Each structure stands twice: as C-alpha cells, then as structure tokens.
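Notes follow the structure.
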Amino acid sequence: MDISSLIGVVIGLICLGLVGYHSSHGHWAMYYSQEGVLMVFGGSLSVLFMAMPLEKVKCVIGFLRRFMFNNKSSNPVETIKLLGRLGEKARREGILSLQPDIEKITDPFLKNGLTMALDGVDPNDIESTLRMEIMAMQERHKAGKKFFDLVKLYGPGWGLVGTLIGQIGMFGQLGGSVEAMGKSLAVAVVATMYGTIVANAIAGPIGDKLGLRSSEEILNREMIVQGVLSIQAGDNPRVTLEKMMAFIPNNSRVQLKAAA
C-alpha cells in the first residue's frame, strides 16, 4: 500500500465531507443531480472510448492499483544491495555461480538481464534489448497517465455543458414556477461541481502520481542496466556500486555506504 496515496485520499474525503455536511446540514441529497451525473461521468466515459483503444480502457483497474500500491521490485536501494551481493559473488566465484541466485529473483527485467549476461550474450545486445524493454514499458505507462489526463481535461468541459444546459432550462422557466427554476439552477451548479471534483480531486492527482511512478521505474531500470553490464564486465564490486548509486539521492547513498 502506498501510504502517501492513502493519506491524500483520506484527507480529501474528510475535507469534502465536512464542508458538504456543514453546507447541507446533513441533507446530502441536494448534491445529487441525475442530469449532472449523466453529463459529467457519462460524458467523460464517452471521451475515453473515443480517444483510447478499448484494450487500454480495460486496464483502468491496473492503473488504479498502480496508484494505490507500491511496486516492491522497483525499490532502488534494495536493487543496489542485491546487485552488489551478486557482483561480489561473481567476482569471487565467476559469473556462472549466479545461476541459483538468478532463479530466485522476482523482477522479470532484472532476471532477464542477468540471464543474458550469464549466457554470454554480447554486452551491446544486452543493453539494446533491455533499453527496448524500457521503451515499451514507458509507452505502457503513458497510456495510464493519458487515461486520467483525458478525464482531467474533458470532465470540467462536460460539467460546463451541463451548466449551460441547466441555465438554458432556467431561462426557459422565467415567469414560471420557482421550483422549476430552482431545479434547473441546481443542475447547472451541481454539474460544475462534479466536473471540478473529477478533475482536481480524482483524475489530476492520480495522473500525476502515475507519471512520477513511471519516471522512478525508468530510472531504476536504467540503474539495473548499468549494474548488469558492470557485473558481466567483471568490474570491481565497489565500481559496480558506485555506478548504480549515481541514480539515487545523496541521503540514500550515505545510508548504503554506512551499511556496507
């Protein structure tokens, strides 16, 4: 579980709930508008199907899971420790001695890189293959961010459409009953509220978190490429560590050096 995402969701719900309760005095039904739901949520859904392939839309659960849960295999500090141990073992016993350790690795990217190194694949081929995997992963991650960016972009637009429709209905009721005018005005205001909440409290933060996660994982995989190539080249384990530590912040480097 990503504690940061959970804290953000909880704080947002608490603030929204408190303000909504004090404004409505507990009459939550006043915030519901069937027309607003159809315009904002239905309209945003239509945009997603128009703008993205169906197979990408089906991945929404995976996108949300990536937002709420950390990827344990992309912890750079743990990866550096693991490759440091493997580098020392390869230096002492030869790279073929890493076979039992490679079989226990759960990260497919790291496992693939080390397996190619173990098989004696040319370093240039290893690097090009791993970089192609990074590029493919980056494209998959772009789809997740794009999904929520579309909602962030078009949700408020559909809310504005609902507002305009509500205002037109209100103007059409001028001189008529106050109740009918009030209902049309409520549709206009609630549609804007839905669009704003969807864009600023849901889609925007999720898209930004997915973008940050993607950058972190790309950096982690670039670090793995350097570590695998260094192990295959038979570099001193300290040199291998130094190459990989260039990818992490200074405070993490201090901790790793102290642990070593």
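The values are calculated or read from the model by the stated rules, or taken from the named source; none is laboratory data. Because the structure is predicted, anything quoted here is derived from the model rather than measured. Backbone-built Cβ (ideal geometry, glycine too); neighbour counts: all protein chains shown.
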Query raised in the report: Applying the selection to segment 113-139, what residues are surrounded by 13 or more Cβ atoms within 10 Å (Cβ to Cβ) and either within 24 Å of the chain's Cα centre (by Cα) or aliphatic (A, V, I, L, M) (or both)?
Result: L114, M116, A117, L118, V121, I126, L130, R131, E133, I134, M137, Q138
Query - Residue check, M52 more than 19 Å from the chain's Cα centre (by Cα) and either in contact (Cβ under 8 Å) with a residue 60 or more places away in the chain or farther than 22 Å from P205 by Cα (or both) - result: no
Query raised in the report: Checking G26 against (1) under 24 Å from K209 (Cβ atoms); (2) outside any helix (DSSP H, G or I), which test does it fail?
Result: (1)
Query raised in the report: Regarding G234, is this residue within 19 Å of D125 (Cβ to Cβ), in a helix (DSSP H, G or I) and either modelled with pLDDT of 85 or more or not aromatic (F, W, Y) (or both)?
Result: no
Query raised in the report: Could you say which residue among L219, L229 is in contact (Cβ under 8 Å) with a residue 60 or more places away in the chain, assigned to a helix (DSSP H, G or I), closer than 22 Å to S128 by Cα and touching a Pro at 6+ places or on another chain (Cβ under 6 Å)?
Result: L229
Query raised in the report: For segment 92-173, which fully contained helices (runs of 4 or more DSSP H) count at least 1 residues that are over 30 Å from Q226 (Cα atoms)?
Result: 123-172
**Report entry** Which numbered condition I61 fails, given (1) outside any helix (DSSP H, G or I); (2) loosely packed, with under 13 Cβ neighbours inside 10 Å
**Finding:** (1)
